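Each reported figure results from applying straightforward, stated rules to the coordinates on display, with no laboratory input. Nothing here was measured: the structure is a model prediction, and the numbers come from that model. Note: ideal-geometry Cβ built from the backbone for every residue, glycine included; neighbour counts use all protein chains shown.
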């Protein structure tokens, strides 16, 4: 009855006053859809009444603390603690543990520690509440200190919840040594065969860059669940091994493990890194097969992938099939238009987005300004740069200034771009100076290009691209001595340009190549074919010339 009347708090309270001993009625009031601030005072009143009449105080307090924690209300949590102190002995286990956990979730570290110290009968659940709380707020040292106190002062052995909390804290802090320490304890206690613990260790070693250790853990597992597969695929993709990530994904499918959102998003990212279209189509089909096309997050990543592969038509088709696109989806489609210099379409999409009631954010304007820059829409770009702050109250960031400098530079307004940099309210970064340097190279402005390149080299002395750009500017102007000096400086500083890598699909396999690559076993045959093709082209060219 209360659940039916929960949309009206006064009605709920009326029923509650008549049936105050029913726990379900209290839970019904908790589910009231009003904002927490509207009924916290009523929850306090209810709690006050119930402490006098309710026999199951632990359940009542636990439920109320859960509600208050979800409201992010520290004052209410303290009020409940005060009421509990008067009514029951909160220092006896369960209620104290719940309060410690609630305080930690609210970020009240000192309150949680003080309350924990007052709990007389601390069991493993009590220590887990404290340790997991420290882990959640990123306090690794306190996490380890509490763990040591628990083991050495009290002789209490951890369980899977304890070690997973500490491993998670080590992972977030990239504390490999701390993780190895816990790994040793896990081995001693024989907990390595617990899937959740192994998953946590895989994630730890992977996030810390130890892919070999992560893979060994994964392969040694007697049973790999979805989390195991997701972890090993993610760490390979995020560490630049997208091809291996895709291989593992195929193995996962053969093992008949059904993918979830995390899996699909990761493999779509791998497809993006590899730049292969056929794989994207395969994943698209899998999304439909698994019934995940209604997932806005997945579909947004998919349309972004198609756009980056140059398949803007497919990207737009996916976007149109989203029933209620959110701001992220609109912005992703805008980014696709920006990527391909479709400024007019981007502006139309932006106006449609505003009409649909979506409020643009900083990222939206970055993509909109970028699309204007790639399409030469100078006046439109200036207009949107202005309304960004005037209408939407968004202060331009470095990436917005970078887009504007690029917009002005591409259209040949180099002096205007330079003046904008001078008027910036913050220090320009390499993205801003880099946009102007590219324009200097295109328009052959050697004098300004030299000044800009020097600023870039001061900001990023180890980035070879800045030296190469300056050398190219000198070479284009016929200033060979200056160009040679820049190349010599690169050698003195041991700066090497990282070669690009290309990928192709052949017979459902991905093959990667870099310039001058001799590693593939078929490299001799490949280069022989390339030489034959080059010879044929030269012969055909001379034949046409004659």
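Some points to look at:
- Estimated at 0.36 nm per residue, the fully extended path between residue 110 and residue 185 surpasses their Cα-Cα distance by 24.1 nm.
- Each residue of the range 324-409 gets 77 Å³ once the volume of the Cα convex hull is shared out per residue.
- Seen from every direction in turn and averaged, the convex hull around the alpha carbons of the range 238-294 projects onto 3.7 nm².
- Here the residues 211, 187, 407, 279, ranked from fewest to most Cβ neighbours within 10 Å of their Cβ, fall in the order 187, 211, 279, 407.
- Average Cα contact separation per residue, the range 289-329, under 8 Å, 6 or more apart, as relative contact order %: 41 percent
- Short-range pairs are left out: with C-alpha atoms under 8 Å and at least six residues apart, the relative contact order of the range 239-347 is 21 percent.
- Euclidean distance of C-alpha centroids, the range 180-248 and the range 134-152, integer Å: 23 Å
- 526, 233 arranged by Cβ crowding within 10 Å, fewest neighbours leading: 526, 233
- Between the range 443-490 and the range 266-329, the alpha-carbon center distance in angstrom: 40 Å
- Working from Cα pairs under 8 Å separated by at least six residues, relative contact order for the range 209-303 is 23 percent.
- Residue order for 535, 266, fewest other beta carbons within 10 angstrom first, comes to 535, 266.
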